[in-house]
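What follows is a single structure, written as C-alpha cells, with notes after it.
The values are calculated or read from the model by the stated rules, or taken from the named source; none is laboratory data. Computed from a predicted structure; not experimentally measured. Please note: Cβ atoms are built from the backbone with ideal geometry, for glycine as well, and neighbour counts cover all protein chains shown.
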Amino acid sequence: MPCPMCRARFDELFVPAIDREMQSRIAAETGRRYEERKAELERAGEWIAGNKRLVRFSYGNTHEKVENPKPSRSKKGARNGHQWCMFISLNNDPEETARYIKSVTYHLHPTFCPSKIKVTDAPFLLCRHGWGYFQVQMDIEFRESTGIGVHILEHMLSFEDNGHTESVILEIDGDT
C-alpha cells in the first residue's frame with residue numbers, strides 16, 4: 001500500500017492513521033500542489049475525509065481433521081471429516097470487535113440446514129462439520145455508530161493446515 005501523498009510503500013499489514021496536524025502543516029507548506037493531489041485522491045475515492053479512520057478486521061476459518069468422522073447426510077458415501085469455524089475479529093479481542101460489529105449472517109452451502117445463520121456474539125463464531133469446502137458469504141451488520149451499515153465479504157473455506165485468515169481494512173467513523 002503506498003502513501004497517497006508521497007507514494008512511499010508500506011507493509012501490507014500497515015494500517016495508516018491520519019495525523020490531522022501534519023496534514024494541515026503539509027497543506028500550508030505546499031498550497032496548490034496539496035489541493036491538486038487531494039482532488040486526485042477524492043476523484044479516485046482514496047481520500048479519507050472528516051473524522052474517519054481505518055480499521056483492519058481479520059476473518060476466515062479455522063480447521064481441524066475429525067477423528068472417527070460420521071457419515072454425511074448430504075452426500076452418500078462421504079464422511080464429515082473436517083471441523084471448521086468461521087469468524088471475524090479485531091485484534092483477536094471479542095470486546096473490541098463487538099464495539100463495531102452487531103451481527104454476522106453466514107450463508108452456507110444449501111446442503112446445510114439451516115443454510116443461513118445469524119450470529120450475534122463476538123467473535124461471531126460458527127462451527128460445523130463437513131466433507132467439502134465451499135464459498136461462505138458473510139453479511140456483516142456494523143453498529144450504527146460506525147457509519148458502515150452492512151458489509152458483505154466472501155470467504156472460501158480452507159481445509160489446509162489450520163484454516164485460512166484474510167483481512168479487510170474499512171473506514172470507520174472516528175468517534176466509534
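One table, with the values for the structure above:
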{"quantity": "Any pair with Cβ under 9 angstrom, 6 or more apart, that starts in the range 12-28 at a residue that is modelled with pLDDT of 75 or more and among the hydrophobic types (A, V, I, L, M, F, W, C) and ends at one that is in a loop (DSSP other than H, G, I, E, B) and surrounded by 11 or more Cβ atoms within 10 Å (Cβ to Cβ)", "calculated": "Ile26/Met5"}
{"quantity": "Test: residue in the range 36-53 that is of a type in the set (A, V, I, L, M) and in contact with a strand residue (DSSP E or B) (Cβ under 7 Å, 6 or more places away or on another chain)", "calculated": "yes"}
{"quantity": "Among the candidates Arg37, Arg56, Arg73, residue that is under 30 Å from Val136 (Cα atoms), surrounded by 13 or more Cβ atoms within 10 Å (Cβ to Cβ), modelled with pLDDT of 80 or more and not acidic (Asp, Glu)", "calculated": "Arg56"}
{"quantity": "Residue within the range 143-150 that is outside any loop (DSSP other than H, G, I, E, B) and more than 17 Å from Glu171 (Cβ to Cβ) present", "calculated": "no"}
{"quantity": "Test: Asn92 is within 15 Å of the chain's Cα centre (by Cα) and on the phi > 0 side of the Ramachandran plot", "calculated": "yes"}
{"quantity": "Test: residue in the range 132-154 that is surrounded by 13 or more Cβ atoms within 10 Å (Cβ to Cβ) and on the phi > 0 side of the Ramachandran plot", "calculated": "yes"}
{"quantity": "Total residues in the range 69-84, condition assigned to a loop (DSSP other than H, G, I, E, B) and either within 19 Å of Glu160 (Cα to Cα) or aliphatic (A, V, I, L, M) (or both)", "calculated": "4"}
{"quantity": "Flag if His129 is over 29 Å from Arg53 (Cβ atoms) and not in a strand (DSSP E or B)", "calculated": "no"}
